[in-house]
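Following: one structure in structure tokens, then a few remarks.
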Amino acid sequence: MTTRPPIAMLAELTHRCPLSCPYCSNPLELTRKESELDTATWCSVFTQAADLGVLQLHLSGGEPASRRDLTELVAAAHDAGLYTNLITSGIGLSEKRLAELDGAGLDHVQLSLQGTNAQMADMIGGYRGGFDRKMKVAEWIGAIGFPLTLNAVLHRRNLHQLPRAIEMAVEMGARRIEVATVQFHGWAMKNRGAMMPTRAQAAEADGIVAEARKRLKGRLVIDYVPADYHSDYPKRCMGGWGSTGLNVNPEGRVLPCHAAETIPHLQFDNVKERPLHDIWYHGSAFEAYRGTDWMQEPCRSCERKTVDFGGCRCQAMAITGDPAATDPVCIKSPERDALRGMTDEFAGDEDAPLTYRVLS
Ligand code: SF4
Ligand code: FES
């Protein structure tokens with residue numbers, strides 16, 4: 001299989017964040033400020049990414065607004081010819097800062113939503129006043145005219161708010177809403193008991209999304225990440241390992257996906273030591289699960305193997321201990337029944353407390 005250039009790059013500018021969402025997919029060991037890449041190195045990475053063929057740059061974190069040099073970074077990415085998307089909770093953005101980002105060439109904003117009212121949003125984000133601030137930021141985003149995607153992260157505690165989240169996206173003038181049922185990676189793994197949707201919630205969400213897609217056709221695009229553990233087939237994680245996208249973490253390590261560091265045998269190159277082009281085409285972590293040659297049964301002989309590429313390597317690692325195993329979400333996986341049992345147990349754990357993300 002020929003390796004093509006990546007389409008998208010996720011730059012995790014920092015792990016610092018004013019919120020402490022229990023569903024955070026950042027790793028358990030967060031990068032401290034002192035170890036983050038400096039401005040000049042990030043700017044070089046953006047130029048290298050554009051040269052490599054990357055079209056879209058997602059600026060993420062943590063909270064990317066925690067970086068003081070965010071405007072400078074956006075300007076560098078814009079000058080390199082990248083389409084820039086800021087993935088933010090809104091906390092840390094002011095009207096003035098948004099205007100500066102607009103001036104620097106920011107193309108798009110993706111605003112996260114922890115809940116549709118202050119009570120839910122502030123409880124999930126662990127940040128009092130966060131919801132009201134976010135609503136203000138949404139107004140400023142609208143006034144400047146940034147194309148907006150609302151990113152509603154849903155789980156057992158707030159899935160009943162899905163219809164209102166969709167309404168809010170329409171009211172805010174968003175072009176798109178990402179209805180993202182929580183994916184259990186990184187910190188979120190600690191909260192499977194507290195956040196796992198029930199089977200009934202997952203089915204209801206499917207219906208709400210299907211109805212809203214019909215009703216809002218032409219007005220709002222709804223991207224939907226269903227409740228993974230309740231699905232019959234796994235997600236095509238990262239569009240296939242090492243095929244369409246790459247992540248650069250705050251320290252400069254280049255990862256095939258945001259959770260790749262949970263796979264213990266992989267070695268990751270750093271942009272401080274190796275050119276991005278070389279890492280993408282020849283880095284051992286990228287080569288590890290690219291294409292289909294690495295697959296075991298049942299994936300190896302499955303007709304869907306180039307549809308979902310065997311699902312998520314990190315999920316296979318987390319649940320089976322073998323990153324080359326079939327994603328246990330799949331109905332063909334020998335681990336599937338065990339996963340189903342575990343899912344129902346998590347979903348029924350009424351007493352599980354939320355464990356908030358902390359920088360230890
Ligand atoms: Fe996908 Fe593997 Fe399941 Fe086939 S067996 S559907 S390739 S995860
Ligand atoms: Fe790593 Fe899915 S999160 S492959």
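The values are calculated or read from the model by the stated rules, or taken from the named source; none is laboratory data. All values derive from a computational prediction rather than experimental measurement. Note that we place each Cβ from the backbone using ideal geometry, even for glycine, and neighbour counts take in every protein chain shown.
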Practice task
Say whether the condition of being buried (at least 22 other Cβ atoms within 10 Å of the Cβ) and either within 18 Å of residue 1 (Cα to Cα) or modelled with pLDDT of 95 or more (or both) is met by at least one residue in the stretch 213-224.
Solution key: no
Handout entry: Filter pass, residue 328 being over 26 Å from residue 62 (Cβ atoms), assigned to a loop (DSSP other than H, G, I, E, B) and more than 15 Å from ligand 2 (Cβ to nearest atom)
Key = no
Practice task
Scan the stretch 165-180 and give yes if some residue there is crowded, with 21+ Cβ neighbours inside 10 Å and under 20 Å from residue 262 (Cβ atoms), otherwise no.
Solution key: no
Exercise for the section: Evaluate the stretch 347-358: report whether one residue or more is surrounded by 18 or more Cβ atoms within 10 Å (Cβ to Cβ), under 26 Å from residue 23 (Cα atoms), small (Gly, Ala, Ser) and more than 16 Å from ligand 1 (Cβ to nearest atom). Expected result: yes
Practice task
Enumerate the pairs (first residue in the stretch 183-200 and within 16 Å of ligand 2 (Cβ to nearest atom); second residue anywhere and part of a helix (DSSP H, G or I)) with beta-carbon separation below 7 Å, excluding pairs fewer than 6 apart on the same chain, so at least 6 apart or on different chains.
Solution key: 183/228; 184/192; 185/314; 189/318; 192/346
Practice task
May I ask you to list pairs of residues, at least six apart or on different chains, whose Cβ atoms are under 6 Å apart, with the first in the stretch 150-162 being farther than 14 Å from residue 227 by Cβ and the second being part of a helix (DSSP H, G or I)?
Solution key: 150/169
Practice task
Please go through the stretch 321-343 and pick out each residue that is polar (S, T, N, Q) and within 12 Å of ligand 1 (Cβ to nearest atom).
Solution key: 326, 333
Handout entry: the stretch 238-248, residues that are out of contact with any Gly (no Cβ under 6 Å at 6 or more places or on another chain) and either in a helix (DSSP H, G or I) or surrounded by fewer than 18 Cβ atoms within 10 Å (Cβ to Cβ) (or both)
Key = 239, 244
Exercise for the section: Collect the residues in the stretch 231-260 that are touching a Phe, Trp or Tyr at 6+ places or on another chain (Cβ under 8 Å), of a type outside the set (Gly, Ala, Ser) and under 14 Å from residue 312 (Cβ atoms), keeping them in residue-number order. Expected result: 236, 237, 241, 255, 256, 257
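Taking the criterion of being in contact with a strand residue (DSSP E or B) (Cβ under 8 Å, 6 or more places away or on another chain), in a helix (DSSP H, G or I) and of a type outside the set (Gly, Ala, Ser), would at least one residue in the stretch 140-155 satisfy it?
Initial filter on the stretch 140-155 (in contact with a strand residue (DSSP E or B) (Cβ under 8 Å, 6 or more places away or on another chain)): 141-142, 146-155.
Still in the list and also in a helix (DSSP H, G or I): 141-142.
Now restrict to residues that are of a type outside the set (Gly, Ala, Ser): 141.
Taking every residue of the stretch 140-155 in turn, at least one turns out to be in contact with a strand residue (DSSP E or B) (Cβ under 8 Å, 6 or more places away or on another chain), in a helix (DSSP H, G or I) and of a type outside the set (Gly, Ala, Ser).
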Exercise for the section: Could you list all residues from the stretch 255-300 that are of a type in the set (Lys, Arg) and within 16 Å of ligand 2 (Cβ to nearest atom)? Expected result: 290
Exercise for the section: From (1) in contact (Cβ under 8 Å) with a residue 12 or more places away in the chain; (2) within 15 Å of ligand 1 (Cβ to nearest atom); (3) more than 24 Å from residue 62 (Cβ to Cβ), pick out the condition that doesn't hold for residue 277. Expected result: (2)
Completion exercise
Restricted to the stretch 294-309 and to residues being without any contact (Cβ under 8 Å) to a residue 60 or more places away in the chain and within 24 Å of residue 268 (Cα to Cα), the residue surrounded by the fewest Cβ atoms within 10 Å (Cβ to Cβ) is 296
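Listed here are the residues, each with its yes/no results for (1) in contact with a Pro (Cβ under 7 Å, 6 or more places away or on another chain); (2) loosely packed, with under 15 Cβ neighbours inside 10 Å; (3) under 12 Å from residue 249 (Cα atoms).
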position	(1), (2), (3)
5	no, yes, no
13	yes, no, yes
18	no, no, no
24	no, no, no
50	no, no, no
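Keeping to the stretch 95-111, report how many residues are touching a residue at least 40 places away in the same chain (Cβ under 8 Å) and either charged (D, E, K, R) or part of a strand (DSSP E or B) (or both).
So in the stretch 95-111, the residues touching a residue at least 40 places away in the same chain (Cβ under 8 Å) come out as 95, 98-99, 102, 106-111.
Pick out the ones that are also either charged (D, E, K, R) or part of a strand (DSSP E or B) (or both) and you get 95, 102, 107-111.
Number satisfying all stated conditions: 7.
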Problem - Where residue 268 falls short, out of the listed (1) within 16 Å of ligand 1 (Cβ to nearest atom); (2) among the aromatic types (Phe, Trp, Tyr); (3) within 21 Å of residue 14 (Cβ to Cβ) - result: (1)
Fill in the blank from the handout: When every residue in the stretch 181-218 that is basic (Lys, Arg) and assigned to a helix (DSSP H, G or I) is compared, the one farthest from ligand 1 (Cβ to nearest atom) is 215
